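Everything below concerns the one structure shown next.
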Amino acid sequence: MACPHCCSTRITKLQRTTNLGYAVFYCRNCHCTFNERTNTPFNFLEFPTDIVFQVLLCRLRYKLSYRDVAEFFLVRGFEFTHETVRDWEERFAPIFADELRAKRKGVIEAKLQRGVISGKMCQGSPFFDVIS
C-alpha cells in the first residue's frame, strides 16, 4: 500500500481503527494519516462498503423498491432513507456492475482455457463450477 498523498511506501499501520473498523495508516514521509478507503468513491460513506453492496444487490437483483430496501435494512439495524438508496444506486451501481462483469469474465475465460488445455468438455455446469 502506498500513501495516497505522496505515493510513498514508507507507511506504518497504526493500532487504532476508524469508527467503521477500517485500519489507519501513517506515512513517515509526509506525516499524514489515512485509512483503507482514502481516495476511493466510498471514502465519506457512513456505512461499511459491504452493506452498500448488499443494498445494491437487493435493489438490482431482486427488483425491490427504494423504500422496501430501506425498510429491509432497518430490520437489520441499519437506518437510512430511500433517498440514500437512490443515491448509492446512482453512484455505485456502475462500479458494482463492472466488478461483477470482471468476475464473470474471469470464470468464463478460465473455463475456456481449462477446456482447451484438457481437450474435452468440462464436467458440471459450465458457469457455476468452482475453479481452483
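The values are calculated or read from the model by the stated rules, or taken from the named source; none is laboratory data. Worth saying up front: this structure is predicted, and the values here are computed from it rather than measured. FYI the Cβ positions are ideal-geometry reconstructions off the backbone, even for glycines, and counts take in every protein chain you see.
Note on region 12-38: residues that are among the charged types (D, E, K, R) and part of a strand (DSSP E or B) amount to 2.
Determine whether region 39-59 contains at least one residue that is closer than 22 Å to M1 by Cα and part of a strand (DSSP E or B). Within region 39-59 (the criterion being closer than 22 Å to M1 by Cα and part of a strand (DSSP E or B)), the answer is no, since none of the residues qualifies.
Residue by residue, here is whether (1) within 25 Å of N35 (Cβ to Cβ); (2) at pLDDT 95 or above holds:
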residue: D50; (1), (2): yes, no
residue: V55; (1), (2): yes, no
residue: K63; (1), (2): no, no
residue: L74; (1), (2): no, no
residue: E83; (1), (2): no, yes
residue: F92; (1), (2): yes, no
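Of all the residues in region 63-106, those that are part of a helix (DSSP H, G or I) and hydroxyl-bearing (S, T, Y) number 2.
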